[in-house]
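Input: a single structure, listed below in structure tokens.
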Amino acid sequence: ISGNVGAGEDTLMTYSLPANALSTDAKVLRITVFGFTAANANSKTIKVYFGASVIGSWTSTASGISWRFESVVIARAGTQIASSSLLISGSGVNALQDVTTPSETLTAAVTIKITGEAVATNDIQHYGTIIEALG
């Protein structure tokens, strides 16, 4: 378990995807991230990064809720296509994020990173991450 520290964007988790892990077109990576927000009305932002690209982002003042991002990255012609969805508890929200097109160099390691930005320490808590190669 990790949480944000005070104000500003904090890294909650990183993973180094090995070089060439998405070396062939149509290879797929699924990133599942989940956690909880503090029971207050502070503004909270959670981001999922694939290399330098934000592939999922959510900002809210939601109080005391569970959250889960599921992001899929597909290798395509030397670039990538990514899509993320978000589930949050209590409201039945299932928000599909825009499709993004990261352009990371896949012959090198790619950093997958989860960040939290909020006002007070532990406004955002990261409980776990699952990274799966699907194809």
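The values are calculated or read from the model by the stated rules, or taken from the named source; none is laboratory data. No experiment lies behind these values; they were computed from the predicted model shown. Please note: Cβ atoms are built from the backbone with ideal geometry, for glycine as well, and neighbour counts cover all protein chains shown. Areas reflect the complete protein model, heavy atoms only, side chains present, ligands, DNA and RNA absent. Shrake-Rupley method; radii C 1.70, N 1.55, O 1.52, S 1.80 Å.
Residues of region 57-79 that are touching a Phe, Trp or Tyr at 6+ places or on another chain (Cβ under 7 Å) and closer than 16 Å to V28 by Cβ: V73 alone.
Within region 16-61, the set of residues being of a type in the set (G, A, S), assigned to a strand (DSSP E or B) and closer than 25 Å to I74 by Cα comprises S16, G35, S53, G56, S57.
If only residues of region 1-15 that are open to solvent by 70 Å² or more (accessible area, probe 1.4 Å) and not in a loop (DSSP other than H, G, I, E, B) are counted, the one that is nearest to T79 (Cα to Cα) is Y15. Taking L106 as the residue in question, decide whether it is over 25 Å from A7 (Cβ atoms), part of a loop (DSSP other than H, G, I, E, B) and either free of Cβ contacts under 8 Å to residues at least 12 places away in the same chain or open to solvent by less than 70 Å² (accessible area, probe 1.4 Å) (or both). Considered against the rule, which asks whether it is over 25 Å from A7 (Cβ atoms), part of a loop (DSSP other than H, G, I, E, B) and either free of Cβ contacts under 8 Å to residues at least 12 places away in the same chain or open to solvent by less than 70 Å² (accessible area, probe 1.4 Å) (or both), L106 comes out as yes. Within region 63-71, can one find any residue that is open to solvent by less than 40 Å² (accessible area, probe 1.4 Å), small (G, A, S), assigned to a loop (DSSP other than H, G, I, E, B) and at pLDDT below 95? Yes.
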